[in-house]
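Engineer: A single structure is presented below for examination.
The values are calculated or read from the model by the stated rules, or taken from the named source; none is laboratory data. In this text the structure is predicted, and so the values were computed from the model without any measurement. When we count neighbours, we look across all protein chains shown, and the Cβ atoms used for this are built from the backbone with ideal geometry, even at glycine. When the accessible area is computed, the model is the full protein with side chains, heavy atoms only, and any ligands, DNA or RNA have been set aside. Shrake-Rupley method; radii C 1.70, N 1.55, O 1.52, S 1.80 Å.
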Amino acid sequence: MSDHTVHKQAGNPVFSGWYADPEARLFAGQYWIYPTYSAPYEEQTFFDAFYSDDLIHWTKAERILEMKDISWARLAMWAPSPTEIKGKYYYYFAANDIQSNEEYGGIGVAVADHPEGPFRDAIGKPLIDQFHHGAQPIDPHVFIDDDGSAYLYYGGWGHCNVVKLNEDMISIAAFADGEVYKEITPEKFVEGPCMIKRDGHYYFMWSEGGWTGPGYSVAYAIADSPIGPFKRVDKILAQDPEIATGAGHHGMLQIPGTDEWYIVYHRRPLTETDANHREVCIDKLEFDQAGLIKPVQMTFNGPDTHPL
Ligand code: FUB
């Protein structure tokens with residue numbers, strides 16, 4: 001196993017260091033956060049992860065996946081999203097920030113026996129290596145529906161697609177209508193898709209604006225199906241002149257056995273303007289009586305303690 005460093009830090013950010021694009025999961029009885037290492041592209045050559053028993057104390061699992069183990073990756077390893085199926089951990093990530101179908105890279109899949117890795121490339125090539133419907137192959141987010149169907153949402157450059165994963169989790173199936181790459185782009189979508197299911201409804205969320213600037217933010221839609229249609233409802237997370245700028249690209253955590261939810265996201269401290277100076281924060285996300293998401297209040301206090 002990799003080196004583990006304990007971060008005892010109450011409040012936001014929940015751990016120190018420049019990190020972004022957090023995915024949030026509950027694995028093996030612990031809370032997990034899987035972020036991008038937020039540095040210049042050439043230095044984004046590995047992923048760390050963080051785990052906690054209570055949402056307050058986080059331990060770093062270092063270098064759970066490294067570029068040296070991905071033959072096709074050369075820089076900009078971004079936005080991981082893992083899931084657990086039958087005791088195996090499947091880890092979707094982007095690499096190379098491809099600008100056209102002439103370049104090689106896109107979304108890969110790695111696999112491990114433990115949530116802290118070590119993850120190894122599962123197929124030796126990208127799972128998605130082309131633009132489809134204008135979507136840059138970045139920002140994967142894996143979602144398992146109640147019937148066990150696995151969906152991979154992804155996309156940048158203002159377009160979002162969803163694909164269905166086969167049971168092996170390392171190959172792509174066609175939908176019932178024969179389509180493979182289904183475009184589901186909601187109004188104002190830029191990147192960073194995220195899906196949860198609550199009370200039978202699919203809450204689809206995404207980031208809007210430019211991630212390098214202060215106006216980066218999160219909005220959402222509600223649908224009756226994992227493939228939409230997704231009609232934009234409203235923004236739920238945005239900069240706050242008292243707290244931080246550039247708040248977006250998030251994951252979600254539900255406290256087990258409750259209807260208590262937290263949004264795990266990155267934001268830029270008010271003192272910073274460097275695009276990569278992003279840190280991972282957690283705040284409450286609440287629903288109103290009608291099931292609509294209330295605007296998130298960013299805080300410096302961070303989450304309440306939730307021992308597992
Ligand atoms: O961290 C690199 C990129 O920044 C991500 O892929 C985007 O979603 C944005 O957060």
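Engineer: One residue is enough: does the stretch 10-19 have a residue meeting the conditions closer than 23 Å to residue 131 by Cβ and within 16 Å of the ligand (Cβ to nearest atom)?
Structural biologist: No, the stretch 10-19 contains no residue that is closer than 23 Å to residue 131 by Cβ and within 16 Å of the ligand (Cβ to nearest atom).
Engineer: So residue 265 passes all but one of these: (1) of a type in the set (Ser, Thr, Tyr); (2) out of contact with any His (no Cβ under 7 Å at 6 or more places or on another chain); (3) under 25 Å from residue 82 (Cβ atoms). Which condition number does it fail?
Structural biologist: So the condition that residue 265 fails would be (2).
Engineer: Would you pick out the residues in the stretch 153-188 that are within 16 Å of the ligand (Cβ to nearest atom) and either on the phi > 0 side of the Ramachandran plot or open to solvent by less than 10 Å² (accessible area, probe 1.4 Å) (or both)?
Structural biologist: 153, 154, 155, 156, 157, 158, 160, 161, 186, 188, listed by residue number.
Engineer: Has the stretch 265-278 got any residue that is over 17 Å from residue 205 (Cβ atoms), out of contact with any strand residue (DSSP E or B) (no Cβ under 7 Å at 6 or more places or on another chain) and charged (D, E, K, R)?
Structural biologist: yes
Engineer: For the subset of the stretch 209-235 comprising residues that are open to solvent by less than 10 Å² (accessible area, probe 1.4 Å) and not aliphatic (A, V, I, L, M), which member is nearest to the ligand (Cβ to nearest atom)?
Structural biologist: The qualifying residue nearest to the ligand (Cβ to nearest atom) is 216.
Engineer: Which number in (1) surrounded by fewer than 16 Cβ atoms within 10 Å (Cβ to Cβ); (2) modelled with pLDDT of 95 or more; (3) in a strand (DSSP E or B) marks the one condition that residue 5 misses?
Structural biologist: It is condition (2) that residue 5 fails.
Engineer: Among 247, 238, which is the only one that is within 16 Å of the ligand (Cβ to nearest atom) and in contact with a Leu (Cβ under 8 Å, 6 or more places away or on another chain)?
Structural biologist: Of 247, 238, the one residue that is within 16 Å of the ligand (Cβ to nearest atom) and in contact with a Leu (Cβ under 8 Å, 6 or more places away or on another chain) is 247.
Engineer: Can you say whether residue 139 is away from the ligand (no atom under 16 Å from the Cβ) and in a loop (DSSP other than H, G, I, E, B), as far as the supplied structure shows?
Structural biologist: No, not satisfied.
Engineer: Follow-up question, since we're still on this one. Here is a list: 36, 59, 83. Which entry is within 16 Å of the ligand (Cβ to nearest atom) and among the β-branched types (Val, Ile, Thr)?
Structural biologist: 36
Engineer: Take the conditions more than 14 Å from the ligand (Cβ to nearest atom), out of contact with any Phe, Trp or Tyr (no Cβ under 7 Å at 6 or more places or on another chain), over 22 Å from residue 167 (Cβ atoms) and among the small types (Gly, Ala, Ser) and apply them to residue 52. Does it pass?
Structural biologist: Answer is no for this residue.
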